[in-house]
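Reviewing the structure listed below.
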Amino acid sequence: MDQCTSEKSVTSSISESPFEDEDGDNNTEVEFEEECPILYKINDSPPIYLTLFFAFQQSLISIVGSIVLPLLVAEAACALEDGVFIRKLVSSTFMLSGVTTFLQVMFGIRLPVYQGPSGSYAVPIIALNKMDASRCDVNAMFPGVLNSTSNNITEADLQEQLIDIRVREMMGPLILAGFLHFLIGATGLVGLLLRFVGPITIVPTILLIGLYIVKPAMEYTQVHWGISFMTWGIGVVLSMYLGHKPMIIPAWTRKKGFHTIRYPLHQVFAILISIITGWAVCGIMTAAGAFPTDKTNIQYKARTDARADVITDSEWFYLPHPGQFGSPLFSVSAIVGFLIATLTSILDSIGDYYATAAICRVPPPPSHAVNRGIAVEGFCSMISGLFGVGHATTTYGGNIGAIGMTKVASRHVFIAMSVIYVVLGILAKVSAVFISIPYPVLGGVIITIIGVFVGVNLSNLQVIDLSSTRNLSIIGTAVFVGLLVPTWMEKNASAIDTGNNGLDQVIAMFLGNPNFLGGFIACFMDNTIPGTDKERGISAWKNPSPEENSAIFIEGKEVYEPLIPQCLKRQKCLRFIPLFPKYNTDNVMSNGKSNEGFSGDNTYEKNTKL
């Protein structure tokens, strides 16, 4: 018998009330909670109105993170004050996030995941600015042009040309990095990579990303520390301190009429509520004259009308397209930084795939599904390079956590979510509204998001032996050196002088990139210092013990089944393509199904619905 109740019982329970009544008499739902931890499984299709509601909710959770990284790209492109450029960047990011999410859910890993801007690319983007203090100086870029009397070029014209060059310098490296990303997935090299990279490498690598973003985050929080910490505090109180106390919400059903239910609405929308509250406080203080009108004053960016011209000047519709910022250029330092970010992003995504499978109560993803997921990410990263957004895409952990909170893992929800993001990308006015969020509010949100990002990464420590001096020494050394050398490089960039400018840039990017330096040291020491696989946490990744966890699986490996015609499954050549499972051709020809399902267990539905 299936561990979850029948579909009819689930539908009946949801139609009556999806949440617990205030008086606690909804015993049907309580029993369902114990029997099945997921209301809508991956292959389920919720009613259209619920699908749209859940998709909108998932969109709100990830939309802030989809704004922060484009702002870092704008800073690297010397365009932080160019509202029109940032609006195009955000619109392109929204649309590409929607397209990538759709391709990933339909043809990639086929798990319910959201693909947004990759935080791994924040480090090389920030490093580009720190290595060259004159990077955004038009006089250094175009010496003597402003002083020439033979032309009518203004500083604004030169600034526009400088932005164009800086953006195009990030396009070429991102295309190359995306191609490498795609090859690693399409050729099945992910498995080879994971032989040498484990939790001890992942933890300091991702941790250093969070620590390195501290200084850029300060650009937003220092505008008004009080509002930044208020925004962060509201999110923490609603999601953590009050998260275990459901809110009383009025509801109506045909069976009970008007009544009240309890649901943690404030926890689900904690970040959104904190943004709205912080935005409102900034609006009140702006109207009261608490913030200066002098644009050179740092607190001017806390005003709600600081970027109002972006909204008024934006057209209603804008269709992002390849080459919108020009043709790609290639910067040696950017190529090195983006290639490093690609490897980090791949490892981060693999961890997210396993986390999604666990929270959806399905078996760990097989190798062919992981390969497809990485290949789709790489392909879409190449597309991102052509669009000039300056960053790749990766899986967002916040949306994975939301699945566990809402108990909705339906693939249809994330398909609808991808459509919402594409629409947001085309509606230029809407993108402009998000850009006008005051700096201190964004600072508070960055504290929340990066805090969760670092915390989720640290959860990888649970599979290693923390009583081992070996492990602790490796992690500690990697983090310390990963901070020490890049900090020295910021102050002594000119110390690297080999006589070859291109080689100097490559060395400077390697030494100035904390997550690469820390990750390399951790990987080298982890693979050369003696230690067992169990001690290193490798065995926990290689062998997730599906036999022990099979009792909690509510769907089988059919959720990873690629969308290909039955006639192709009969082709023996698919056995040699790492993007597809090894089909039993005799079984496929006899019953039209593959043998990749979770065989030997009749509790799993053998369906291939979207």
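Between region 438-477 and region 41-107, the C-alpha centres lie 24 angstrom from each other.
Each part reduced to its alpha carbon centroid, region 168-232 and region 279-297 end up 34 Å apart.
Accessible surface for region 230-314, divided over its residues, is 58 Å² per residue with a 1.4 Å probe.
Qualifying trypsin sites (Lys or Arg not before Pro) in region 210-261, where qualification requires a DSSP coil assignment and no more than 11 other C-beta atoms within 10 Å, comprise ARG254, LYS255.
Show me 343-354, 190-201, 104-115 ranked by packing, highest mean number of other Cβ atoms within 10 Å first.
104-115, 343-354, 190-201
Using the average count of surrounding beta-carbon atoms within 10 Å as a protection proxy, the listed peptides 568-576, 63-71 rank, highest first, as 63-71, 568-576.
Would you please classify the overall shape of region 421-528 from the alpha carbon gyration tensor, given that a ≥ b ≥ c denote the square roots of the eigenvalues, rounded means a/c under 1.5, and beyond that prolate means a/b larger than b/c while oblate covers the rest?
Oblate shape, in that a/c is at least 1.5 and b/c is the bigger or equal ratio.
Restricting the trypsin sites (Lys or Arg not before Pro) of region 276-350 to loop positions (DSSP other than H, G, I, E, B) with no more than 16 neighbouring Cβ atoms within 10 Å leaves LYS295.
Of the residues ALA217, THR296, MET247, the one whose Cα sits farthest toward the positive end of the charge dipole of region 201-299, with +1 on the Cβ of Lys and Arg and -1 on the Cβ of Asp and Glu, is MET247.
Ordering of 41-54, 487-500, 158-171, 277-290 by packing is 158-171, 41-54, 277-290, 487-500, highest average first (other Cβ atoms within 10 Å, averaged per residue). Shape index of region 488-536: Rg/Rh, with Rg the Cα radius of gyration and Rh the Kirkwood radius from the inverse mean 1/r over Cα pairs, equals 1.19. When the C-alpha to C-alpha distance is required to be over 26 Å, the pairs from LYS245/LYS557; LYS256/LYS407; LYS41/LYS88; LYS215/LYS534; LYS215/LYS491; LYS215/LYS301 that qualify are LYS245/LYS557; LYS41/LYS88; LYS215/LYS534. Taking a sphere under 12 Å around the Cβ of VAL408 and counting the other residues whose Cβ falls inside, with K and R at +1 and D and E at -1, yields a net charge of +2.
A Förster radius of 22 Å, combined with the Cβ-Cβ distance separating ASP533 from THR477, puts the computed FRET efficiency at roughly 0.55.
The values are calculated or read from the model by the stated rules, or taken from the named source; none is laboratory data. Since the structure is predicted, the reported quantities are computational estimates derived from the model, not experimental observations. Counting neighbours? That spans all protein chains shown, and the Cβs are built from the backbone with ideal geometry, glycine included. For the accessible areas, the whole protein counts, side chains as well, though only heavy atoms, and no ligand, DNA or RNA atoms are used. Shrake-Rupley method; radii C 1.70, N 1.55, O 1.52, S 1.80 Å.
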